[in-house]
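Have a look at the structure below, then the notes.
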Amino acid sequence: MLTNYLKLAWKVLLRHPFYTFITLFGISLTLTVLMVLTSFLDHLLGPHYPETNRDRSLYIQMMTQTDTAGTTQMKGPMSFRFLTDYVKSLQTPERVSISSVMNSSNAYVGSQKIKLNTKFTDADFWRVMAFDFLEGKPYNEQNIAAGDQVAVISDDFKKEYFGSASEPVVGKTIEIENVHYKVMGVVRGSPVTRFFTHAKVYFPYTAPKSNYQNTGFRGNYIAIVLAKDQSDFKAIQDEFYDRVSRIPVPQYEGGTKYDVLKVMNETYADNFLGTIMEGPGLRAVFLSIVGFIVFMLLGLPAINLVNVNVSRILERASEIGVRKAFGAPVRTLLWQFIIENLFITFIGGGIALVLTVVIIQLINHSGWIAYADLTINLTVFLVSVGVCFVFGILSGVLPALRMSKLKIVDALKG
Amino acid sequence: MIKLQHVEKVYRTSAIETLALNNINLDVQKGEFVSIMGPSGCGKSTLLNIIGLLDEPSRGVVEIGGRRVEKYRDRELAHLRNEKLGFIFQSFHLINDLSVLDNVEIPLLYRSSSARQRRALAQEALEKVGLSNRMKHFPKQLSGGQKQRVAIARAIVGKPEIILADEPTGNLDSAMGNEILSILQNLNKDGATIVMVTHDDAMAKKTHRLIRLFDGTQVL
C-alpha cells in the first residue's frame, strides 16, 4: 500500500514539473531557513568546542546589588576574591574555574597593530574547558603561584604575531601592552560567540593588570562550575545560594549602601537568556518570540501550501471517487494524501538539508564569525526531520480532509 | 442479491426540487444479468449509484446481499463495496499515473492481502480480459476498448458477487462494444450478478431482464 502511495506521489510530482518546482522551492526555502536557524542556535547554546562540558556546567556571571529604595542598582561580573571565597570553595561541584571577562588589548609587530582579546584565567580553566593544544601545554598552579609571565595563545594570533602557522613558537616571547610573556602553548581558537572562552591570548590571573587582588564584591571575573553530573545542579545551586544568603547586608561599595545582593548560578541557556532579556518570565517571553518566528517561518508557507495542495488534490477528484467506489474508507484516503504530502515535504527537506550544508560551510569559511563551527549534528538533524514532519502534516491534513469528504458521485464527475 | 423498496431520490437546491427517482422497487436475484434503459436524464445512473452504495436514497430501503445499509457508516459501506461490488464506468476512470497492473490492484489495496497475492490476482484478472501482455503499460498507451477491459479487470479482481456497469460500451465502437458485452456475459456465466445501464437496445436484449425508467419512474 505504502509503495503504491509513494509511487503515485512521485508520478503526481512529475505531472506538472513547474508546479512541483514552485512547491518544492517554497518548502525547501522555508526549511533551509529553519535548519540554518536551528544550527545557529545549536552553535550558540549547544556543548561545542571548547565548551564541550557545557551540559554539566553552571555559570556565575552577574552580581546585582540594589539599595533599599530600589533606585540604585549595580550589575556586573564579580571580583576574583568574591569568587574564590564563595564559589571556588564549594563542596558539591567537581571543579570550579575562574576567569576574567574578555579584555581588549593591542600588540605590535613592527609598526603593525594587532587588536586582540585577552583573558586572565586560573589553572582549572584548562581542565573545565576542552581546548586542543596544537603546541605546548597550559600554565598550571605552579606557574600561577610563581607569578610567571607566561601566556597561551590562539592559532590565529600565532599566525598574526609570528607570521607562520607551521613553525613552533613555544618558548618564544610576545609583547603585549609593554609586558613580555613567554608562550607556553598554542590552542585552536574558540568562536567569538563563545564569550566564556573566546580570546586570542590567555594569561594566568596573577599576570600584570589582572586586578585579581581587588577587594569588594564586584570586579572583572566570572566562574564556571563543573558538576560531576547534571543531577548535581540542584545541590550545587542550593549550596551556593545558601552561602550567598549568609553574606551580611547591607554592603558598602563605591560609597553606596546596598541592601540586596543577588547572584545567579544558572545553566548556560538560562544565563544566556538572562543576559539578553532581564526580568521575571523571561523564558516565557523568549519562547513566545521563538514561537512567533517559527509560526511566521513555518505557518505562513504551510497555509500557502494548503491552498496549492487543495487545488492539486481536487485535480484528482476522479481518482478519489474510484478509490472510494472500490472500498477505500475516508480515513485510509486521508492517510494516503498525508503520506503523499509528507513524501513531497521530505524531498523538500532533503533539498533543504543540502542547501543548509552549503550555507553553513559558507558561514564557517567566510570569517563572519571567527572560528564558526556550525554543523548539522544529530540534534539539528532530528529537529529538521521534526520540522519537516510538522510542515508536512500542517500543509497536508486540511486538503486531505476536504478531499476525503467529497461525495463519491461528485468526485467521479471530476 | 439486490433489493430496493420504495426508493426515492430528490435533488434539492435553494430554488428547485427535482425528483430523480420515484418509488423504485427492484429485486435482482443472484446470477441475473439485468439491464436498465431509458432516455437521458431518466435516473438510470442515479439508480445504479444507489445500488452501488455510491449515493444514498432520500427515502426507501436498499439491501445488498441481504444487508440493509441505511444505518451503515462510511467504514461499513466501504467494506461492503469492496467485498460485494465491482464497478465499470462509461469513461473508464482509470488512474493515468498508475500502470495497468497497479490500476487493477486498487480494490485489493483495501483488503488484507500481501503484495504478492495482489499481483497474482491482478495478473489473473488481466488474463481473463485478454490483457496480460499490457500489464506494464499506462492507460494513455491503450485504446478505448483496452481501457474498458482494464476497468473490467479492476471490477472483477476482488471477485465481487455483483458487477455494476454504467454504459460500459458507451464510448466504444460496436465491434469493441460487442467484445465487452461478451466478456460481461462470460462473467455472468461464471456466477456474477450484473446490472448494466445501457442506451443500446441490442445490448439490452442480450441480458436476462430489462428495467425501463421514464422520468424517474420504473415503467417496465
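The values are calculated or read from the model by the stated rules, or taken from the named source; none is laboratory data. Since the model is a prediction, treat every value here as computed from it, not as a measurement. In this analysis, Cβ positions are derived from the backbone assuming ideal geometry, glycine residues included, and neighbour counts consider all displayed protein chains. Keep in mind that these areas ignore ligands, DNA and RNA; they rest on the heavy atoms of the full protein, side chains included. Shrake-Rupley method; radii C 1.70, N 1.55, O 1.52, S 1.80 Å.
Using only alpha carbon pairs under 8 Å that are at least six residues apart, calculate the relative contact order of chain B and give it in whole percent. Intermediate values should be presented prior to the final figure.
Values: 425 pairs, mean separation 67.1, N = 220.
About 31 percent, as a whole number.
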* **Within 10 Å of each Cβ in B:41-49, the average number of Cβ atoms from other chains** => 1
* Structure fact -> The Rg/Rh figure for the protein assembly as shown, Cα atoms and Kirkwood Rh, to two decimals is 1.26
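Enumerate by residue number the chymotrypsin sites (Phe, Trp or Tyr not before Pro) in region A:310-414 meeting two conditions: DSSP loop (anything except H, G, I, E, B), and at most 13 other Cβ atoms within 10 Å of the site's Cβ.
On the way: sites: A:Phe326, A:Trp335, A:Phe337, A:Phe343, A:Phe346, A:Trp368, A:Tyr371, A:Phe381, A:Phe389, A:Phe391; in loops: A:Phe326, A:Trp368, A:Tyr371.
In loop regions of region A:310-414 (DSSP not H, G, I, E or B), the sparsely surrounded chymotrypsin sites (Phe, Trp or Tyr not before Pro) are A:Trp368.
May I ask which of B:Lys3/B:Lys159; A:Lys405/B:Lys3; A:Lys7/B:Lys44; A:Lys7/A:Lys405 have a Cα-Cα span longer than 25 Å here? Numbers along the way, then the final one.
Values: B:Lys3/B:Lys159 21 Å; A:Lys405/B:Lys3 27 Å; A:Lys7/B:Lys44 36 Å; A:Lys7/A:Lys405 23 Å.
Distance filter (> 25 Å) returns A:Lys405/B:Lys3; A:Lys7/B:Lys44.
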* **Over 20 Å between alpha carbons, listed pairs A:Lys413/B:Lys9; A:Lys75/A:Lys115; A:Lys137/A:Lys182** => A:Lys75/A:Lys115
* For region A:283-409, what is the largest minus smallest coordinate of the Cα atoms on each principal axis, given in angstrom and ordered from greatest to least? -> 64, 32, 23
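Could you state the accessible area per residue of chain A in Å², with a 1.4 Å probe and every protein chain left in place?
On the way: 19170 Å² over 414 residues.
On a per-residue basis, chain A sits at 46 Å².
Note down the relative contact order for chain A as a percent, whole number, built from C-alpha pairs under 8 angstrom at least six residues apart. All intermediate terms of the calculation are to be shown ahead of the outcome.
Values: 685 pairs, mean separation 103.5, N = 414.
For chain A, the relative contact order is 25 percent.
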* Alpha-carbon centroid distance for the pair region A:209-239 / region B:173-210, whole angstrom -> 92 Å
* Could you state the principal axis extents of the C-alpha atoms in region A:62-263, from the largest down, to the nearest angstrom? -> 57, 39, 33
* Specify the inter-centroid distance of region B:136-157 and region A:380-412, based on alpha-carbon positions, in whole Å. => 30 Å
* Asked: By its C-alpha gyration tensor, with a ≥ b ≥ c as the square roots of the eigenvalues, how is region B:126-176 shaped: rounded for a/c under 1.5, else prolate for a/b larger than b/c, else oblate?
  -> oblate
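Treat region A:27-143 as a sphere of radius equal to its Kirkwood radius over Cα pairs and apply Stokes-Einstein at 25 °C in a medium of 0.890 mPa s; give the translational diffusion coefficient in µm²/s, rounded to a whole number.
Numbers: Rh = 18.2 Å.
The calculation lands on 135 µm²/s.
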* Could you give the dipole magnitude of the protein assembly as shown about its Cα centre, charging the beta-carbon of Lys and Arg +1 and that of Asp and Glu -1, in debye to the nearest 20? -> 1640 debye
* Asked: So what does A:Lys324 come to for accessible area, using a 1.4 Å probe and Å² rounded to 10?
  -> 10 Å²
* Asked: For A:Lys182, what accessible area in Å² do you get when you roll a 1.4 Å probe over the heavy atoms of the protein chains, rounding to the nearest 10?
  -> 110 Å²
* A:Thr118 - accessible surface, heavy atoms, 1.4 Å probe, Å² rounded to 10 -> 0 Å²
* Asked: Taking the Cα centre of region A:62-263 as the origin and placing charges on Cβ (Lys, Arg +1; Asp, Glu -1), which of A:Tyr205, A:Phe195, A:Phe80 is farthest toward the positive end of the dipole?
  -> A:Phe195
* Structure fact -> Put A:Phe18, B:Phe33 in order of accessible area, largest first, probe 1.4 Å, and you get A:Phe18, B:Phe33
* Please determine, in degrees from 0 to 90 and to the nearest 10, the orientation of helix B:144-156 with respect to the longest principal axis defined by the Cα atoms of chain B, where the helix direction is its Cα long axis. => 80 degrees
* Please work out the Cα center distance from region B:1-56 to region A:38-69, rounded to the nearest Å. => 74 Å
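Would you tell me the mean number of C-beta atoms belonging to other protein chains that fall within 10 Å of each C-beta in B:108-115, as a whole number?
Numbers: counts 3, 9, 9, 1, 0, 0, 0, 3.
Mean shielding by partner chains, rounded to a whole number: 3.
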* Structure fact -> Quick tally, 1.4 Å probe accessible area for B:Lys140, B:Lys84, sorted with the most first, runs B:Lys140, B:Lys84
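Let me check against my output: what whole-number percent is the relative contact order of region A:62-263, with C-alpha pairs under 8 Å and at least 6 apart? Don't jump to the answer; show the numbers that get you there.
On the way: 404 pairs, mean separation 67.3, N = 202.
The value is 33 percent.
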* If you add up the charges near A:His43, with Lys and Arg at +1 and Asp and Glu at -1, over every other residue whose beta carbon is less than 10 angstrom from its beta carbon, what do you get? -> -1
* In Å², nearest 100, what accessible area do chains A and B bury in total when the solvent probe is 1.4 Å? -> 2300 Å²
